[in-house]
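Enquirer: Could you have a look at this structure, given as structure tokens, before my questions?
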Amino acid sequence: MQGDAYAPVSWSMGFLRAPLEVVAEGLVAWRREIHGSARGERLSGGLFANVSALEPLTAGVRPRELVVATRNREWVGLFDNGVLGGDPVSRVGYLARRLGVDGVVVVSTLDVQGGTGRRARSGSRQLQLFAPTDTYFLNYVRTISVARDGSRWRFDANGAVQDFEDVEAYRRRRVADRFTLTMLADYAAALGLKPFDPDFFTGPCVLVRNPETPPPGALVLSLRDAQRRAGIILGD
């Protein structure tokens with residue numbers, strides 16, 4: 001999942017330390033409370049066999065969400081059909097509390113300067129850890145991020161430092177090097193996650209649908225059209 005083959009779906013990934021059925025049932029129940037109705041459909045196969053079930057990708061609403069069993073049966077992945085990328089933070093943060101489990105969010109967006117056939121895109125790498133109970137801020141345990149803000153990169157780290165962190169790297173002169181993609185992958189691996197390994201998302205899956213509809217004029221695109229709009233050139 002390094003690169004953009006399944007972007008924007010794969011730009012932001014959520015994880016909960018709980019069985020597939022527990023997470024799917026919790027998500028369906030929450031969506032029913034919000035929207036009045038929701039349903040889950042079990043699908044065989046892993047993420048890449050079922051990523052098309054999230055189509056069309058939409059702006060403003062997320063009527064389709066995919067809960068995916070992983071090779072590490074302690075964890076499941078969560079994805080949604082946001083046309084500009086997923087929004088797992090609110091989902092993971094809330095469900096971690098509701099289900100009484102740990103949660104993780106991983107974000108990795110390539111930095112693209114623009115040019116022929118592509119749009120400029122600000123790079124970002126983030127790791128966010130959530131607890132089932134209150135912490136220093138809501139239920140965040142630790143957040144680490146490096147992101148390009150205009151012409152500059154910005155590094156941030158908040159919360160309780162974890163044993164697996166390379167804190168010396170946070171002092172590097174070049175800001176973009178303070179939290180690299182390799183570091184993000186290594187930190188995730190220390191938690192039992194392999195978010196950039198396509199074989200990690202083995203399935204089965206549960207597709208959760210709710211009745212939200214996009215507002216008038218909102219973007220509604222296929223995965224491939226969303227990639228074209230973002231200037232993604234597959235094979236980069």
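Enquirer: Go through 85, 36, 60, 115 for me and flag whichever is at positive phi and either of a type in the set (A, V, I, L, M) or modelled with pLDDT of 95 or more (or both).
Expert: Of 85, 36, 60, 115, the one residue that is at positive phi and either of a type in the set (A, V, I, L, M) or modelled with pLDDT of 95 or more (or both) is 36.
Enquirer: Considering every residue within segment 89-106, establish whether at least one is touching a helix residue (DSSP H, G or I) at 6+ places or on another chain (Cβ under 8 Å), among the basic types (Lys, Arg), open to solvent by less than 50 Å² (accessible area, probe 1.4 Å) and at pLDDT 95 or above.
Expert: Yes, segment 89-106 contains a residue that is touching a helix residue (DSSP H, G or I) at 6+ places or on another chain (Cβ under 8 Å), among the basic types (Lys, Arg), open to solvent by less than 50 Å² (accessible area, probe 1.4 Å) and at pLDDT 95 or above.
Enquirer: Quick check on this structure: which one of 47, 20, 16, 54 is more than 18 Å from residue 72 (Cα to Cα) and in contact (Cβ under 8 Å) with a residue 12 or more places away in the chain?
Expert: 54
Enquirer: So in segment 129-168, with the set limited to residues that are part of a loop (DSSP other than H, G, I, E, B) and within 15 Å of residue 184 (Cβ to Cβ), which one is farthest from the chain's Cα centre (by Cα)?
Expert: Selected residue: 166.
Enquirer: Another question about this same structure. Say whether the condition of being over 18 Å from residue 88 (Cα atoms), open to solvent by 20 Å² or more (accessible area, probe 1.4 Å) and assigned to a strand (DSSP E or B) is met by at least one residue in segment 194-207.
Expert: There is no residue in segment 194-207 that is over 18 Å from residue 88 (Cα atoms), open to solvent by 20 Å² or more (accessible area, probe 1.4 Å) and assigned to a strand (DSSP E or B).
Residue-wise test of (1) without any contact (Cβ under 8 Å) to a residue 24 or more places away in the chain; (2) under 28 Å from residue 61 (Cα atoms); (3) open to solvent by less than 20 Å² (accessible area, probe 1.4 Å).
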| position | (1), (2), (3) |
| --- | --- |
| 129 | no, yes, yes |
| 152 | yes, no, no |
| 156 | yes, no, no |
| 161 | yes, no, no |
| 189 | yes, no, no |
| 192 | no, no, no |
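Enquirer: Of the residues 41, 74, 65, 25, which single one is farther than 30 Å from residue 151 by Cβ, of a type in the set (Asp, Glu) and crowded, with 24+ Cβ neighbours inside 10 Å? Walk me through how you get there before you give the answer.
Expert: On the way: 41 fails: crowded, with 24+ Cβ neighbours inside 10 Å; 74 fails: crowded, with 24+ Cβ neighbours inside 10 Å; 25 fails: crowded, with 24+ Cβ neighbours inside 10 Å.
Sole residue among the options that is farther than 30 Å from residue 151 by Cβ, of a type in the set (Asp, Glu) and crowded, with 24+ Cβ neighbours inside 10 Å: 65.
Enquirer: A further question follows. Consider residue 232 against the criteria (1) assigned to a helix (DSSP H, G or I); (2) at pLDDT below 95; (3) crowded, with 19+ Cβ neighbours inside 10 Å: it satisfies all of them except one. Which criterion is unmet?
Expert: (1)
The values are calculated or read from the model by the stated rules, or taken from the named source; none is laboratory data. Note that this is a predicted model, so its numbers are computed, not measured. All Cβ positions, glycine included, derive from the backbone under ideal geometry; neighbour counts span all protein chains shown. Protein only, heavy atoms only, side chains kept; ligands, DNA and RNA dropped before computing areas. Shrake-Rupley method; radii C 1.70, N 1.55, O 1.52, S 1.80 Å.
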